[in-house]
């Protein structure tokens, strides 16, 4: 029951319900980004995993020697309405890098983008 547009005490809010629906997606994204972080070690670039509580988790990849020093990478389904379908790594600007199954290829492409 809602009182003045707010859930009654003990009832979940819409935000809580939305967050709980996103929890499995966030966990899966975190697993894929962790695998990418391991693959990135071979490139010599620095990585930082950021498991945000608000917004999607992300991997920040940095090359201190490059003019463009970092890229932010996300993992998400190609179609958010179909989360059990193909997942991809994504550039921050919204273009896919490659499917998450190709983690070594994703690491290679990210390293190319960050070359000095």
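Tabulated data for the structure shown
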item	result
Residue in region 64-76 that is surrounded by 15 or more Cβ atoms within 10 Å (Cβ to Cβ), more than 22 Å from residue 23 (Cβ to Cβ), in contact (Cβ under 8 Å) with a residue 40 or more places away in the chain and in contact with a strand residue (DSSP E or B) (Cβ under 7 Å, 6 or more places away or on another chain) present	yes
Every pair of residues 6+ apart whose Cβ atoms lie under 6 Å, when the first sits in region 41-52 and is closer than 18 Å to residue 115 by Cα while the second is in a helix (DSSP H, G or I)	43/107; 43/111; 47/37; 47/40
Search result, residues across region 31-66 that are under 15 Å from the mean Cα position of the chain (by Cα), part of a loop (DSSP other than H, G, I, E, B) and on the phi < 0 side of the Ramachandran plot	51, 52, 53, 54, 56, 57
Filter result for residue 116 (in contact (Cβ under 8 Å) with a residue 24 or more places away in the chain, in contact with a strand residue (DSSP E or B) (Cβ under 6 Å, 6 or more places away or on another chain) and surrounded by fewer than 16 Cβ atoms within 10 Å (Cβ to Cβ))	no
Residues within region 67-94 that are over 20 Å from residue 47 (Cβ atoms) and either at pLDDT 95 or above or not in a loop (DSSP other than H, G, I, E, B) (or both), tallied	1
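The values are calculated or read from the model by the stated rules, or taken from the named source; none is laboratory data. Owing to the predicted nature of the structure, the values given are computational and were not obtained by experimental measurement. As a convention, Cβ positions derive from the backbone with ideal geometry for all residues, glycine included, and neighbour counts pool all protein chains shown.
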